[in-house]
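Written below as structure tokens is the structure these notes are about.
The values are calculated or read from the model by the stated rules, or taken from the named source; none is laboratory data. Predicted model only: the values in this text are computed from it and were never measured. Every residue, glycine among them, receives a Cβ derived from its backbone with ideal geometry; neighbour counts consider all protein chains shown.
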Amino acid sequence: MATAEQAMLVEADEAPRRKSSKALRPPGAKSVGWALVQAARMHRARIGDRLAALNLFAGQEQVVQVLAAAGTMTMGDLAATLRVRPPTASKTVTRLAALGFVERRTEAADGRIVRVRLTEAGLAKAAAIDRIWDEVEAEMLDGFDNKEKRRLRKLLRRAARNLAEASGLDSHEPEDDLDAVGLEVEDGTRDAD
């Protein structure tokens, strides 16, 4: 059993730790950007862990998803949709082509225009990626109701659009009109804004 003197020493030793734990709050703890970066980092890590089983890295799945939805695209349109610079899109497409998931073809009339599309193997990966994204999204949004999900999506799209404009990036992001359409809630009724 500890003496009163030992208890005081333990208390004195723990006091700076308690004080320092408050001082260890992240520098941007009250920042929306900080929270966004932390959520994005956790999402990317979660997605990345699951993509490894598909022989993909985080970021590559977005190219596959866009091409699965659009079919054939020019490299410029792909870069604009992903909100990345064309060399970034080209580098990712090169890696995916080496894996046999995408193929590139130059335009017959204008060799400067390159169109890209998924191969059969890429289409199979797209279906697996969709399942992974659905699972991780369910984990991320656990406890959110449909209105909160829709509002968060709308706000994040606006923030991304603002940053894309500030960066001078062209964007093919759908406007918020997707969120103006009501979503079905779990009881089968429509949930409008």
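Results, tabulated for the structure shown:
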{"quantity": "Qualifying residue in region 24-33 (condition: modelled with pLDDT of 95 or more and either under 21 Å from the mean Cα position of the chain (by Cα) or not in a loop (DSSP other than H, G, I, E, B) (or both))", "calculated": "no"}
{"quantity": "Only one of THR119, THR92 that is surrounded by 14 or more Cβ atoms within 10 Å (Cβ to Cβ) and more than 27 Å from ALA160 (Cβ to Cβ)", "calculated": "THR119"}
{"quantity": "Helices (runs of 4 or more DSSP H) (entirely within region 47-142) containing at least 3 residues that are at pLDDT 95 or above", "calculated": "60-70, 86-98, 120-140"}
{"quantity": "In region 128-138, residue nearest to the chain's Cα centre (by Cα) [restricted to those that are of a type in the set (A, V, I, L, M) and surrounded by 11 or more Cβ atoms within 10 Å (Cβ to Cβ)]", "calculated": "VAL136"}
{"quantity": "Scan of region 97-132 for residues that are touching a residue at least 60 places away in the same chain (Cβ under 8 Å) and among the acidic types (Asp, Glu), ordered by number", "calculated": "ASP130"}
{"quantity": "Given (1) among the aliphatic types (A, V, I, L, M); (2) surrounded by fewer than 14 Cβ atoms within 10 Å (Cβ to Cβ); (3) at pLDDT below 95, number of the condition ALA160 does not satisfy", "calculated": "(2)"}
{"quantity": "Residues being over 26 Å from ARG46 (Cα atoms) and over 22 Å from the mean Cα position of the chain (by Cα) - total across region 72-115", "calculated": "15"}
